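Below is one structure. I have some questions about it.
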Amino acid sequence: MRYSVLSLLKEAFNGNKGWKPAWRDPEPQAEYDVIIVGGGGHGLATAYYLAREFGINRVAVLEKGWIGSGNVGRNTTIIRSNYLLDGNQPFYEQSLKLWEGLEQDFNYNAMVSQRGIINLYHSDPQRDAFVRRANSMRLSGADAEILNQNTIREMCPFLDFDNARFPIQGGLIQRRGGTVRHDAVAWGYARGADQRGVDILQNCEVTDFIIENGVCSGVETNRGSIRANKVGVAVAGSSGRVMAQAGMRLPIETHVLQAFVSEGLKPVLPGVITFGAGHFYVSQSDKGGLVFGGDIDGYNSYAQRGNLPVVEDVCESGMAIMPMIGRSKLLRMWGGVMDMSMDGSPIIDKTPIDGLYLNAGWCYGGFKATPASGWCFAHLLAKDEPHKTATKYRLDRFKRGAMVDERGAGAQPNLH
Amino acid sequence: MIINHPLLGPRDATEFSYLGDASLMHRPEWQSDDAENQFYEYQYLRDNKAGIHRELWYHEQGDRSWLVVTRNTLTHEISSVELASDVARREGRSR
Ligand SMILES: Cc1cc2nc3c(=O)[nH]c(=O)nc-3n(C[C@H](O)[C@H](O)[C@H](O)COP(=O)(O)OP(=O)(O)OC[C@H]3O[C@@H](n4cnc5c(N)ncnc54)[C@H](O)[C@@H]3O)c2cc1C
């Protein structure tokens, strides 16, 4: 069924009895052209673009729980393309362009809201770095503006401009950045892929790969073995665990990141705001809750929950730029486990095992990448060569010394 | 998390900084034939275990000792804490 104003009206008069499930719940087939492991945003987007862009629709997405149970349903929903490096900026700009057309494309309301993102700067050197970043963004066709303190005062009068340690001097704004309803992204891609023949298999955990003579020809699951010509793995925080089944060690550590939501408030924030002198980012959801987060906890974890020291740190950072936040009550908080790569950038590549492909290393910025990641991974799976915006995301780049090190901080699994 | 320091007793994890997998104690031999590959694996690749994980913590705001903490990455439960120097000697290092 196509969703439209007409279908909405029809169902309103019909007591909403005619809505159908948005995707089927099929039994696994014995064989597919392509299997995608992981029903998060990236896996579902890959399946969608495989079917819609590249005409490959004998595809299954295998998800161990329910789709959207991983990070795609746990993130703070910020989208942006304010990157510096050549290897990153065009990719994230492609992603932002895809977000802009996404809802029409897959006929689903994902609440893409380009309310803008402001990165605050607090010192002269930081301003210079942001000016450079803004220039780099414009080179790839993205929008970027440097705002002075007065303009920001008008937009966000509640910020602590004269903070003794970190006075706010100005900010970098990307007006096309914003937020998206995260689970609707998973559902929209799932529905779009399903309509094009993709089987979405939930409660289907991959427990092993079928590898003979260095060629992967399928997977073992708790619902039986399933064969395929190509297997693409997009399991985010579980990448290390899943690829170990194929005998691979990755340049990735799994860490936990927490997110926080306050009670619902009247509209107070004009868009997304990030602190330049600590780690804190905040936006306001359409329901009114302030949605915010900060750093990862900092130790390996698969627990999907964090500890109190980071809660304190995040709340302190919030108080440092936005003292009014202390008046609102925290409603809920949770954690998600992320695939922290050694340079803070992702991997979209073939593996040394024929027929086995990897999409991983998204750290805590992979939600904004969902459309482009799906598109580029589908391109790689369909054509066996990287898409032009994803040529730097190679698995062997660490060995070659060709890191995509956006922070410029060297090898550590705690970037972005 | 509370780390039970072998010398100082229970200490809050915020006093420590975290380095990662305890195998990082064993730096490859720089003169070996495949040193380049060994250093690549040492520097970048990780087992990244879900479950029991041996890892290095540094008591930065305490006695500045390095500890090997054995912790379950699925539950955060800590099952043993040893001085890294003891572990290194036991595993064949001279210091
Ligand atoms: C708290 C938090 C805040 C974040 N904030 C932002 C943000 O503001 N902006 C941004 O851009 N990014 C953000 N991120 C990062 C972003 O959410 C992730 O990078 C991205 O969602 C990862 O891709 P995914 O959606 O495919 O992952 P997931 O949704 O985690 O999908 C992976 C799926 O694989 C499944 N799986 C695992 N093992 C198996 C197996 N053996 N067999 C079958 N299936 C398996 C899992 O169940 C899971 O559903 C945040 C992350 C967290 C945790």
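How many residues, within the stretch B:21-45, are within 14 Å of the chain's Cα centre (by Cα) and among the acidic types (Asp, Glu)?
Residues meeting the conditions: 1.
Considering each residue of the stretch A:65-97, count those that are within 25 Å of residue A:202 (Cβ to Cβ), more than 6 Å from the ligand (Cβ to nearest atom) and in a helix (DSSP H, G or I), and give that number.
Adding up the residues that qualify gives 1.
Please go through the stretch A:232-246 and give me each residue that is among the small types (Gly, Ala, Ser) and within 11 Å of the ligand (Cβ to nearest atom), ordered by number.
Going through the stretch A:232-246, the residues among the small types (Gly, Ala, Ser) turn out to be A:232, A:234, A:236-240, A:244, A:246.
Matches in the stretch A:232-246: A:234, A:236, A:237, A:238, A:239, A:240, A:244.
Hey, can you tell me all the residues within the stretch B:48-82 that are buried (at least 17 other Cβ atoms within 10 Å of the Cβ), touching a Ser or Thr at 6+ places or on another chain (Cβ under 6 Å) and in a strand (DSSP E or B)?
Across the stretch B:48-82, the qualifying residues are B:53, B:54.
A further question follows. Out of A:256, A:310, A:314, A:242, report the one residue that is under 30 Å from residue B:2 (Cβ atoms), within 13 Å of another protein chain (Cβ to nearest Cβ) and assigned to a helix (DSSP H, G or I).
Values: A:256 fails: assigned to a helix (DSSP H, G or I); A:314 fails: within 13 Å of another protein chain (Cβ to nearest Cβ); A:242 fails: under 30 Å from residue B:2 (Cβ atoms).
Testing whether each residue is under 30 Å from residue B:2 (Cβ atoms), within 13 Å of another protein chain (Cβ to nearest Cβ) and assigned to a helix (DSSP H, G or I) leaves just A:310.
So, of the residues in the stretch B:27-47 that are touching a Phe, Trp or Tyr at 6+ places or on another chain (Cβ under 7 Å) and at the interface with another protein chain (Cβ under 8 Å from one of its Cβ atoms), which turns out to be surrounded by the fewest Cβ atoms within 10 Å (Cβ to Cβ)?
The qualifying residue surrounded by the fewest Cβ atoms within 10 Å (Cβ to Cβ) is B:40.
Turning to a different aspect of this structure: Take residue A:144 and decide whether it is among the small types (Gly, Ala, Ser), away from the ligand (no atom under 16 Å from the Cβ) and within 23 Å of the chain's Cα centre (by Cα).
Details: among the small types (Gly, Ala, Ser): yes; away from the ligand (no atom under 16 Å from the Cβ): yes; within 23 Å of the chain's Cα centre (by Cα): yes.
Spelling it out, residue A:144 is indeed among the small types (Gly, Ala, Ser), away from the ligand (no atom under 16 Å from the Cβ) and within 23 Å of the chain's Cα centre (by Cα).
While we're on this one: Does residue A:116 meet the test of being at positive phi and out of contact with any helix residue (DSSP H, G or I) (no Cβ under 8 Å at 6 or more places or on another chain)?
Here the answer is yes, as residue A:116 does meet what is asked.
Here's something else I'd like to know. Looking at residue A:3, is it over 29 Å from residue A:203 (Cβ atoms), part of a loop (DSSP other than H, G, I, E, B) and either away from chain B (no Cβ under 14 Å) or within 15 Å of the ligand (Cβ to nearest atom) (or both)?
Answer is no for this residue.
Quick test for you: out of A:249, A:227, A:223, pick the one residue that is in contact with a Pro (Cβ under 9 Å, 6 or more places away or on another chain) and either more than 14 Å from the ligand (Cβ to nearest atom) or over 26 Å from residue A:292 (Cβ atoms) (or both).
On the way: A:249 fails: in contact with a Pro (Cβ under 9 Å, 6 or more places away or on another chain); A:227 fails: in contact with a Pro (Cβ under 9 Å, 6 or more places away or on another chain).
None of the others qualify; the one that does is A:223.
Any idea which of A:295, A:286, A:343 is over 28 Å from residue B:12 (Cα atoms), within 14 Å of chain B (Cβ to nearest Cβ) and of a type outside the set (A, V, I, L, M)? Quick ask: steps written out before the conclusion?
Values: A:295 fails: over 28 Å from residue B:12 (Cα atoms); A:286 fails: within 14 Å of chain B (Cβ to nearest Cβ).
It is A:343.
Of the residues A:277, A:303, which is farther than 20 Å from residue A:322 by Cα and assigned to a loop (DSSP other than H, G, I, E, B)?
Values: A:277 fails: farther than 20 Å from residue A:322 by Cα.
The unique qualifying residue is A:303.
Continuing with the same structure: List the residue pairs whose Cβ atoms are under 9 Å apart, where the first residue sits in the stretch A:17-40 and is in a loop (DSSP other than H, G, I, E, B), the second is among the acidic types (Asp, Glu) and within 12 Å of the ligand (Cβ to nearest atom), and the two are 6 or more positions apart or on different chains.
A:38/A:63; A:39/A:63; A:40/A:63
Just the residues that are within 16 Å of the ligand (Cβ to nearest atom) and either more than 18 Å from the chain's Cα centre (by Cα) or assigned to a loop (DSSP other than H, G, I, E, B) (or both), please, taken from the stretch A:259-272. Write out each step before concluding.
Our first condition is that a residue be within 16 Å of the ligand (Cβ to nearest atom); within the stretch A:259-272, this holds for A:259-262, A:269, A:271-272.
Passing the criteria: A:261, A:262, A:269, A:271.
If you take the residues in the stretch B:1-20 that are closer than 20 Å to residue B:88 by Cβ and within 9 Å of chain A (Cβ to nearest Cβ), which one is nearest to the chain's Cα centre (by Cα)?
Step one: list which residues in the stretch B:1-20 are closer than 20 Å to residue B:88 by Cβ, which gives B:3-8, B:16-20.
If we keep only those that are within 9 Å of chain A (Cβ to nearest Cβ) too, we end up with B:17-18, B:20.
Values: B:17: 11, B:18: 8, B:20: 6 Å.
Top of the filtered list is B:20.
Kindly evaluate residue A:190 against the criterion of being surrounded by 18 or more Cβ atoms within 10 Å (Cβ to Cβ), touching a strand residue (DSSP E or B) at 6+ places or on another chain (Cβ under 6 Å) and over 15 Å from residue A:246 (Cα atoms).
Details: surrounded by 18 or more Cβ atoms within 10 Å (Cβ to Cβ): yes; touching a strand residue (DSSP E or B) at 6+ places or on another chain (Cβ under 6 Å): yes; over 15 Å from residue A:246 (Cα atoms): yes.
Yes, satisfied.
Rule-based calculations on the coordinates, nothing more; no lab input. The shown structure was predicted, so the numbers you read here are calculated from the model rather than taken from an experiment. All Cβ positions, glycine included, derive from the backbone under ideal geometry; neighbour counts span all protein chains shown.
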